[in-house]
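Report on the structure given below.
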Amino acid sequence: MYYVCMKIYLATNNKNKKKEMAQILCDHEIITPSDEGIEFDPDETGTTFYENSLIKAKALYDIVHYPVIADDSGICVDALGGSPGIYSSRYAGPAFMHGKPDGTKISQEEQNIFLIQQLNDAIKQGNLPPAPYLNGPRSCHYTCAMVLYCGGDRLFVAQETFEGTLIDDINKQAGEGGFGYDPIVFLPQYRKTVAQISAEEKNAISHRGKAVRAIQKIIENL
């Protein structure tokens, strides 16, 4: 068997996502819109991770006419009914679960503080959905829906999760690796946060790592 290096566009300008993808799809050329000076900021109007990933994939494909990988991912806190979920990047606390009306975003540090406090309040008030949870009342998981879009009606989808627990105090956040909510998501099996494990360890078990490896197998058979 031999592999052909493909030029694959990644429907994001997030450098951290590109780095993670390129580490796994190392036999292929991974390009983001900003690499080629392409303005890319589609409206993510879907109601699921899959719908948003497909919106992004189609939008970029219509510009470049090359295979596109798009993903939509976020953190889902079980005791908060899976929130913030698809709104993870826009989440601005319990008053603005789907983001601020004017579209402005708060800092990641503020998002982390709000999310921990919101879960703490829900637990204190006993306002929780029915148990059980995989890792107790602080159980959370990341979800990643990934689409490989090849034009027309030809597309492939993988959706994966990555389980952990939300820490109970922002002062317990730890780690310099990863990005986003990683410093506040604790992995019981490692006794570390996601931000404390190595990039190789994260790619082996993360939602995005598992999804991209599933897509990788599809690419190898195209």
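Residues are listed down the side, and each one gets a yes or a no for (1) β-branched (Val, Ile, Thr); (2) over 19 Å from the mean Cα position of the chain (by Cα); (3) open to solvent by less than 20 Å² (accessible area, probe 1.4 Å):
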site: Thr143; (1), (2), (3): yes, no, yes
site: Leu148; (1), (2), (3): no, no, yes
site: Asn171; (1), (2), (3): no, yes, no
site: Gly175; (1), (2), (3): no, no, no
site: Gly180; (1), (2), (3): no, no, no
site: Ala195; (1), (2), (3): no, no, yes
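Assess whether Asp153 counts as being under 23 Å from Lys58 (Cβ atoms), of a type in the set (Asp, Glu) and free of Cβ contacts under 8 Å to residues at least 40 places away in the same chain.
Details: under 23 Å from Lys58 (Cβ atoms): yes; of a type in the set (Asp, Glu): yes; free of Cβ contacts under 8 Å to residues at least 40 places away in the same chain: yes.
Taking the combined requirement at face value, the residue satisfies it.
Look through segment 13-26, keep the residues that are assigned to a loop (DSSP other than H, G, I, E, B) and closer than 15 Å to Asn203 by Cβ, and return whichever of them is least open to solvent (accessible area, probe 1.4 Å). Reasoning before the result, please.
So in segment 13-26, the residues assigned to a loop (DSSP other than H, G, I, E, B) come out as 13-14, 25-26.
Filter again for closer than 15 Å to Asn203 by Cβ, leaving 25-26.
On the way: Leu25: 1, Cys26: 93 Å².
Per the stated criteria, the residue is Leu25.
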Exception for Glu163 within (1) assigned to a strand (DSSP E or B); (2) over 16 Å from Ile75 (Cβ atoms) falls at (2)
Could you please let me know if Gly177 is in a loop (DSSP other than H, G, I, E, B), out of contact with any helix residue (DSSP H, G or I) (no Cβ under 9 Å at 6 or more places or on another chain) and either modelled with pLDDT under 95 or among the basic types (Lys, Arg) (or both)?
no
How many residues of segment 60-88 are free of Cβ contacts under 8 Å to residues at least 60 places away in the same chain, open to solvent by 20 Å² or more (accessible area, probe 1.4 Å) and within 19 Å of the chain's Cα centre (by Cα)? The answer is 6
Reported set for segment 76-104 where residues are modelled with pLDDT of 95 or more, part of a loop (DSSP other than H, G, I, E, B) and within 19 Å of Gly164 (Cα to Cα) is Ser88
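Give Lys124, Lys105, Lys100 a once-over and let me know the one that is within 23 Å of Ser53 (Cα to Cα), open to solvent by 40 Å² or more (accessible area, probe 1.4 Å), among the basic types (Lys, Arg) and free of Cβ contacts under 8 Å to residues at least 12 places away in the same chain.
Working: Lys124 fails: within 23 Å of Ser53 (Cα to Cα); Lys105 fails: free of Cβ contacts under 8 Å to residues at least 12 places away in the same chain.
Exactly one residue qualifies, and that residue is Lys100.
From the list Leu119, Leu115, Leu128, exactly one residue is in a loop (DSSP other than H, G, I, E, B) and farther than 20 Å from Thr12 by Cα. Which is it? Please lay out each step first, then the result.
Values: Leu119 fails: in a loop (DSSP other than H, G, I, E, B); Leu115 fails: in a loop (DSSP other than H, G, I, E, B).
When all the criteria are applied, what remains is Leu128.
Do you know which residues across segment 42-53 are within 17 Å of Glu160 (Cβ to Cβ), open to solvent by 30 Å² or more (accessible area, probe 1.4 Å) and touching a residue at least 24 places away in the same chain (Cβ under 8 Å)? If you could, list the steps in order and put the result at the bottom.
Pass one, segment 42-53, residues within 17 Å of Glu160 (Cβ to Cβ): 48-53.
Subset that is open to solvent by 30 Å² or more (accessible area, probe 1.4 Å): 48, 50-51.
Selection gives Thr48, Tyr50.
The values are calculated or read from the model by the stated rules, or taken from the named source; none is laboratory data. None of these values were measured; they are calculated from a predicted model. No Cβ is skipped: glycine too gets one built from the backbone with ideal geometry, and neighbour counts run over all protein chains shown. The accessibility values were calculated without ligands, DNA or RNA, using every heavy atom of the protein model including side chains. Shrake-Rupley method; radii C 1.70, N 1.55, O 1.52, S 1.80 Å.
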